[in-house]
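A.B. asks: One structure, as structure tokens, below. Some questions next.
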Amino acid sequence: MHFAGAEIAQQPFDAFERLGQICAAGEVRDAQLLAGVRVTKREEALRRFGRRGRTRMREAERHERETGQKLPPTLPGTIKERHDVLSPWDKSNPARIVYQLRGLAQALCPHRQPRMTGWRFSVVCFGAMLVALGRVHAADAVADALSARVTDLRAGREVRVEGERIASRKLIPDFYAQRGFRPAWTRPAQTKALLALVEQSSRHGLDPGDYHVAALRRLADAPAAASADAVAEAELLRTDALVRLAYHLYFGKANPRELYPDWNFTRSLGTIDPVQAVEEIVAADRLADAVERYAPHIEPYRQLREALARYRAIEVMDGWPELPSGPKLERGSEGPRVEILRKRLTATGDLRAVGAAAPAQLDEVLETAVRHFQARHGLEVDGVVGRQTLEAMNVTVAERIDQLRVNLDRLRWVAQDLVGDYLLVDVAGFSARLDLDGRLAWSSRAVVGRPYRKTPVFRATMEYVVLNPTWTIPPTILREDVLPKLAKDPGYLADHHMQLVDAQGHQVDASRVEWSRYPKEGFPYQIVQAPGSDNPLGRLKFLLPNRYSVYLHDTPTARLFSAPQRAFSSGCIRLEAPLALAELLLDDPVRWSAPAIDIALAAGTTRTLPVKKQVPVLFLYFTAEADADGTVHFRRDLYGRDPRVLAALRAPFRFSPVDERR
């Protein structure tokens, strides 16, 4: 006799086990799960449509004939009706359990009842009762073990599993409390997927060790946990690994607020409910897809991940050879160093490998490869391997991988802000770009702050365009540059079309000022330069109120844009193509087309115009990026900021505060 998918005479325990599982689950999930039991029309109607099954079955068949579409397999009320048959178990009343088992058997296999009377049915019921009770008691033991550890976490006591610290002291307790301390990791495919995700976290530039990878491997290789304590500990370890990984994918590992005290970019969960998010992830059919939702889904991040994969592949192939120092290599150079140069450039794809024997000298093809390397490393593109090019070539593949990891984390910091319309100033890349409606609308080379007058990293909102701006000399430039010159040459102001004004904006006679007193004492005036061809702001200025007094502007010294390294300003951003940007931001083709702006500029009158597109302006710092065609660009770490980010990536895991949900 078959019951619950097993031959009772030969495999009674398996039958009891299966029936016990169904009883403990509290509902009939699908009668067809019971292998070996013929499903009749009546049973199918009951399964799909509840007590009114036959009527609803006929309606469903007629609906399918007329429309070609099936009705949903479960209609409102069906689950409740099943639950009425299999109501919650009363563990203290064995007689009621037997009664419910009989009801279960009738619900599942009505056509078997004549053969399920007497001692056979009693054996089945009694055995299933024992199995179910054992499972209930085991579940209670696991719940108790989980509850005890959650209590320790809430109390601030350290909880370790397999030597690994459980870091999530709030989310894990909230998660298990909400689910009544039921285990979450009950499917083998689910635990395998988690281990695979953790092992593959290195593809994001992260360290699998932060997510208990060694302990998860030991769990995967060990027999199934026998004790409630072991089950509870495995639960905590896996959930903590998941929470840690999702947290790093969403916010990054390094805390930017520790690197930039005035960091004002978005660092919030938004509308995400953390407990619900974890519940949805562990319940997902594809765990990898559910977790990857929390990684940045922006093209720069995807492209940089692909670059990381390529450079890790180069590392597996032993990287590239070091080019010995010596005289510069240029067109026509020969010798062993040229052969090493060829191998070096072939390794990174700057030079395509050829089957024929390579020339012994630095020929045109190799020179072109040198130029390509120089262009993507922000060097002067001259085809000559001099000191700076040699230094860039001898940076190891491991160092380049670290550079890619650092910049992947930087992208995770700001991924929530890199959506919609925004103007991005890449300080280390000496460039600016405007994205509108998800597409590049404008880009320009830029001049940024010198290393001793750094351009800050921050976010602001574009508000005004100023035509023919005056220049009020900033306090730092005034104190360090202008006042010392005025102390030596009182005629400096007149020579540079500058005026001295007081706090009320009234002009002050500079000849009556005792310049030798400054900068020893506080300077009570401002110095303003009138619009003109020698005004450092050029003809256009873009205002975005911020605490640093940093803005974007035109410049009369256009020659600076031809330099590969363009750190010449005192912190503000000079743009090579400001006119096109002004036209896009004003967004008024009738009144402020490019010709109309030119006419207003030619008039020489200072005008302040509110912009229609008040886009966020993001001042960021990236030392590596990848193009859509796969070309990887590395920049010099202008302000020496990479080492601190790398140190944070290598540090032990810890959570950092995030903002309240929006």
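The values are calculated or read from the model by the stated rules, or taken from the named source; none is laboratory data. Treat the numbers as computed from the prediction; the structure is a model and nothing was measured. In this analysis, Cβ positions are derived from the backbone assuming ideal geometry, glycine residues included, and neighbour counts consider all displayed protein chains. Note: areas computed on protein heavy atoms with side chains; ligands, DNA, RNA excluded. Shrake-Rupley method; radii C 1.70, N 1.55, O 1.52, S 1.80 Å.
A.B. asks: With just the Cα atoms of segment 301-345, tell me how far they stretch along each of the three principal axes, in Å, largest first.
C.D. replies: The principal-axis extents, from largest down, are 40, 20, 14 Å.
A.B. asks: P(r) of segment 468-507 in 5 Å steps, Cα pairs, percent per bin?
C.D. replies: 6, 19, 27, 33, 13, 2
A.B. asks: Continuing with the same structure: If each Cα of segment 409-469 is one equal point scatterer, what is log10 of I(q)/I(0) from the Debye formula at q = 0.21, 0.30 Å⁻¹?
C.D. replies: -1.08, -1.34
A.B. asks: Could you state how much accessible area Phe265 has, in square angstrom rounded to the nearest 10, with a 1.4 Å probe and all protein chains kept in place?
C.D. replies: Answer for Phe265: close to 10 Å² accessible.
A.B. asks: Let me ask another. Just need the Rg to Rh number for segment 218-284, please, alpha carbons only, Kirkwood Rh.
C.D. replies: Expressed as Rg/Rh, it is 1.13.
A.B. asks: Enumerate the calculated ³J(HN,Hα) couplings along segment 191-208 in order (Karplus 6.51 cos²θ - 1.76 cosθ + 1.60, θ = phi - 60°), each rounded to whole Hz, writing x wherever the residue is Gly or Pro.
C.D. replies: Calculated HN-Hα couplings, in order: 5, 5, 5, 5, 4, 4, 4, 5, 5, 8, 4, 4, 5, 8, x, 9, 9, x Hz.
A.B. asks: Å³ per residue of the Cα convex hull, for segment 141-184?
C.D. replies: Here the figure is 70 Å³ per residue.
A.B. asks: Can you give the accessible area of Glu322, probe radius 1.4 Å, in Å² rounded to 10?
C.D. replies: Roll a 1.4 Å probe over it and Glu322 shows about 140 Å².
A.B. asks: What chymotrypsin sites (Phe, Trp or Tyr not before Pro) in segment 424-475 are in a loop by DSSP, with at most 15 other Cβ atoms within 10 Å of the Cβ?
C.D. replies: Here the chymotrypsin sites (Phe, Trp or Tyr not before Pro) that fit, given the DSSP loop and packing criteria, are Tyr452.
A.B. asks: Which whole-Hz couplings ³J(HN,Hα) result when phi for each residue of segment 159-176 is put into the Karplus expression 6.51 cos²θ - 1.76 cosθ + 1.60, θ = phi - 60°, listed in order with x for Gly and Pro?
C.D. replies: Couplings: 10, 10, 10, 6, x, 9, 7, 7, 8, 7, 8, 10, 5, 4, x, 5, 5, 6 Hz.
A.B. asks: A further question on this structure: Averaging sequence separations of C-alpha pairs under 8 Å and six or more residues apart, then dividing by the length of segment 165-265, give the relative contact order as a whole percent.
C.D. replies: Reported as a whole number, the value is 34 percent.
A.B. asks: Collect residues whose amide H, placed 1.01 Å from N in the peptide plane, falls under 5 Å from the amide H of Trp320; neighbours closer than 5 in sequence don't count.
C.D. replies: Amide H neighbours of Trp320, under 5 Å, 5+ apart: Val397.
A.B. asks: If the viscosity is 1.567 mPa s and the temperature 4 °C, what Stokes-Einstein diffusion coefficient in µm²/s follows for segment 469-537 when Rh is the Kirkwood radius over Cα pairs?
C.D. replies: 106 µm²/s
A.B. asks: How large is the convex hull of the C-alpha atoms of segment 190-343 per residue, in Å³?
C.D. replies: 205 Å³
A.B. asks: Quick one: grab the alpha carbon gyration tensor of segment 557-662, order the square roots of its eigenvalues as a ≥ b ≥ c, and give me rounded if a/c is under 1.5, else prolate or oblate depending on whether a/b is larger than b/c.
C.D. replies: Prolate, since a/c reaches 1.5 and a/b exceeds b/c.
A.B. asks: For segment 147-239, what is the charge dipole size about the Cα centre, in debye to the nearest 20, if Lys and Arg each add +1 at the Cβ and Asp and Glu each add -1 at the Cβ?
C.D. replies: 280 debye
A.B. asks: Kindly report the accessible area of segment 471-617 per residue (heavy atoms of protein chains, probe 1.4 Å, no ligands, DNA or RNA), in Å².
C.D. replies: Result: 54 Å² per residue.
A.B. asks: Quote the charge dipole size of segment 503-662 about the Cα centre in Debye, to the nearest 20; the model charges only the Cβ of Lys and Arg (+1) and of Asp and Glu (-1).
C.D. replies: The dipole magnitude comes to about 500 debye.
A.B. asks: State in Å² the accessible area per residue of segment 158-296; use a 1.4 Å probe, count heavy atoms of protein chains only, and round to the nearest integer.
C.D. replies: That works out to 42 Å² per residue.
A.B. asks: Give me the extension gain from Asp534 to Val395: residue separation times 0.36 nm, minus the current Cα-Cα distance, reported in nm with one decimal.
C.D. replies: Computed gain between Asp534 and Val395 is 45.9 nm.
A.B. asks: Within 10 Å of each candidate Cβ there may be at most 14 other Cβ atoms; applying that plus a DSSP loop requirement, which trypsin sites (Lys or Arg not before Pro) in segment 156-240 survive?
C.D. replies: When the trypsin sites (Lys or Arg not before Pro) of segment 156-240 are filtered for loop state and at most 14 Cβ neighbours within 10 Å, Arg157, Lys170 remain.
A.B. asks: Would you mind checking which residues have amide H under 5 Å from Tyr464's amide H? H placed 1.01 Å from N; only 5 or more apart, or other chain.
C.D. replies: For Tyr464, whose amide H was placed from the backbone, the distant partners under 5 Å are Leu543, Val611.
A.B. asks: Let me ask something additional. Would you kindly calculate the translational diffusion coefficient of segment 252-395, applying Stokes-Einstein with the Kirkwood radius from alpha carbon pairs, for 37 °C and a viscosity of 0.692 mPa s, and quote it in µm² s⁻¹ without decimals?
C.D. replies: 171 µm²/s
A.B. asks: Output wanted: per-residue J couplings in Hz (rounded whole) for segment 420-436, from phi through Karplus 6.51 cos²θ - 1.76 cosθ + 1.60, θ = phi - 60°, x for Gly and Pro.
C.D. replies: Each residue's phi maps through the Karplus curve to give x, 8, 6, 10, 10, 9, 8, 5, 5, x, 6, 8, 9, 8, 10, 9, 10 Hz.
A.B. asks: Run through segment 461-568 and list the GluC sites (Glu not before Pro) located in a DSSP loop whose Cβ has at most 14 other Cβ atoms within 10 Å.
C.D. replies: Glu514, Glu521
A.B. asks: Which percent of the accessible heavy-atom area of segment 339-471 goes to carbon and sulfur, probe 1.4 angstrom?
C.D. replies: The value for segment 339-471 is 49 percent carbon and sulfur by accessible area.
A.B. asks: Right, here's the next one. What would the Debye formula give as log10 I(q)/I(0) at q = 0.12, 0.13 Å⁻¹ for the alpha-carbon point model of segment 426-501, no solvent?
C.D. replies: Results for segment 426-501 at q = 0.12, 0.13 Å⁻¹ read -0.57, -0.65.
A.B. asks: What are the residues whose amide H is under 5 Å from the amide H of Ser569, where those residues sit 5 or more places off or on another chain and H is modelled from the backbone?
C.D. replies: Val448, Gly449, Arg450
A.B. asks: Where Rh denotes the Kirkwood radius from the mean inverse Cα pair distance, what is Rg over Rh for segment 494-581?
C.D. replies: Reported Rg/Rh, Kirkwood definition of Rh: 1.03.
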